[in-house]
Amino acid sequence: MNINDVIPRNLGMNPNSRVHPGKVWPRPEGATHVKEFHIYRYDPDSGQPPRLDTYFVDLDKCGPMVLDALIKIKNEIDSTLTFRRSCREGVCGSCAMNMHGTNWLACTRAIRDIPGAVEIYPLNSMPVIKDLVPDQTHAFAQYESIEPWLKTSTPPPDRERLQSPAERARLDGYYECILCFCCTGGCPSWWWNGDRFMGPAVLLQAYRALVDSRDEASGERLDYLQDPFKLYRCHTILNCTRTCPKGLNPGHAIAELKKLMVEREH
Ligand code: SF4
Ligand code: SF4
Ligand code: FES
């Protein structure tokens, strides 16, 4: 069997192309505190296979985070390097990528915590648009499919729909999700069945709506997830929880979702 026949459709990189050694960019002259970065470069439109370029960054003239180094490389060494970022504070989720083998946010990953050369790849298991920019169209379509807004059937009250402190506290650990998709990109079940399995980020969001006291659509939300793939392809491997840069526990949210499914059947 050809290995390309069993590579999932969304593993990310072109299945016919291996990552080749790339360009080695010059070391900064006179620098004494230099860090080496190996960065994945790929432009699907070029017809060229992916490559790993090597850059050297003077840490005495660079901020402490991996995102600082990427910005410095783009500004001062190689303006063609492409990556997403926005807030630089760990709240927008744009800079999610794979660093030293782990999905995380580049703006909250300290360079000093990574031993040796820093290996940087795009978030795994998504098609690559260019370099470190993954195509998240499918992940966001899955998010849209769970209708991630509060739904009500009772008449609108004269004022806001209030929550008690205890009801509000039930959202803790879920409302903080920034939809970076580090967890989904790191989930083996999503690598293989991402076309039908919703993945940990979307399932955490589904649970967040279900536990919100203001939402009145629990039945239809659970009906939507009652499917052999959408929810039940989670095998509780918990890669998702290990790789969440916000310290959330999508694996627990999925377990709670499965409990809600069982409870409504009894
Ligand atoms: S616990 Fe479930 S969602 Fe999380 S990584 Fe494992 S299979 Fe994926
Ligand atoms: S649960 Fe964590 S890793 Fe997953 S999308 Fe939300 S913030 Fe990112
Ligand atoms: S730039 Fe917004 S989370 Fe990193």
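Can you tell me the order of 20-28, 148-156 when each peptide is scored by its average per-residue count of other Cβ atoms within 10 angstrom, highest first?
Values: 20-28: 13.1, 148-156: 9.7.
In descending order of packing, they fall as 20-28, 148-156.
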> So how strong a dipole does the chain carry about its Cα centre when Lys and Arg Cβ are +1 and Asp and Glu Cβ are -1, to the nearest 20 debye?
Replying inline: 340 debye
> Can you pull the three principal axis extents for the Cα set of the chain, in Å, largest first?
Replying inline: 68, 49, 29
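Over the Cα atoms of region 71-139, what is the Rg over Rh ratio if Rh follows Kirkwood? Walk me through the numbers before you get to the answer.
Working: Rg = 12.0 Å, Rh = 12.7 Å.
Reported Rg/Rh, Kirkwood definition of Rh: 0.94.
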>> From the C-alpha coordinates alone, can you work out the Kirkwood hydrodynamic radius of region 3-133, in Å?
In response: 15.2 Å
> In region 153-259, which GluC sites (Glu not before Pro) are in a loop and have at most 16 other Cβ atoms within 10 Å, using DSSP for the loop call?
Replying inline: Glu160, Glu176, Glu216
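Given the convex hull of the Cα atoms of region 199-264, what is a quarter of its surface area in nm²?
Working: hull surface 17.8 nm².
Projected area, direction-averaged: 4.5 nm².
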>> Students often forget the sequence filter, so: which lysines lie under 20 Å Cα-Cα from Lys230 once same-chain residues fewer than 8 apart are removed?
In response: Lys258, Lys259
> To the nearest 10 degrees, how steep is helix 66-76 against the longest Cα principal axis of the chain, on a 0 to 90 scale?
Replying inline: 50 degrees
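Do any GluC sites (Glu not before Pro) in region 53-134 lie in a DSSP loop with no more than 13 other beta carbon atoms within 10 Å, and if so, which? If you can, show how the numbers build up before the last one.
Details: sites: Glu76, Glu89, Glu119; in loops: Glu89.
Here the GluC sites (Glu not before Pro) that fit, given the DSSP loop and packing criteria, are Glu89.
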> Using r as the Cβ-Cβ distance of Asp223 and Ile77, and R0 as 41 Å, what FRET efficiency do you calculate, to the nearest 0.05?
Replying inline: 0.20
> Which lysines have a Cα lying under 19 Å from the Cα of Lys72, excluding residues fewer than 8 positions away in the same chain?
Replying inline: Lys23, Lys35, Lys61, Lys130
>> Report the Cα centroid-to-centroid distance between region 40-97 and region 113-170 in angstrom, as an integer.
In response: 23 Å
> Got a sec? How would Val118, Val57, Val211, Val202 order by Cβ neighbour count within 10 Å, fewest to most?
Replying inline: Val211, Val118, Val57, Val202
> Using r as the Cβ-Cβ distance of His20 and Tyr232, and R0 as 41 Å, what FRET efficiency do you calculate, to the nearest 0.05?
Replying inline: 0.55
> What FRET efficiency do you get for Ser153 and Arg196 if R0 is 35 Å and r is their Cβ-Cβ distance, rounded to the nearest 0.05?
Replying inline: 0.75
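Hey, what did the chain get for relative contact order, percent, Cα under 8 Å, at least 6 apart? Spell out each step's value before the answer.
Working: 438 pairs, mean separation 44.4, N = 266.
Relative contact order comes out at 17 percent.
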> Treating the beta-carbon of each Lys and Arg as +1 and of each Asp and Glu as -1, no other charges, what is the dipole magnitude of region 49-94 about its Cα centre, to the nearest 20 debye?
Replying inline: 220 debye
> Of the residues Met65, Met97, Met126, which exhibits the maximal mean-square fluctuation in a Gaussian network model of the chain defined by a 10 Å Cα contact cut-off?
Replying inline: Met65
> Can you run phi through the Karplus equation (6.51, -1.76, 1.60; θ = phi - 60°) for region 121-132 and list ³J(HN,Hα) in whole Hz, with x for Gly and Pro?
Replying inline: 10, x, 3, 6, 6, 10, x, 9, 7, 6, 6, 9
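Only the coordinates and a few stated rules stand behind these numbers; no lab work does. If you're wondering where the values come from, they're calculated on a predicted model, not measured in any experiment. Please note: Cβ atoms are built from the backbone with ideal geometry, for glycine as well, and neighbour counts cover all protein chains shown.
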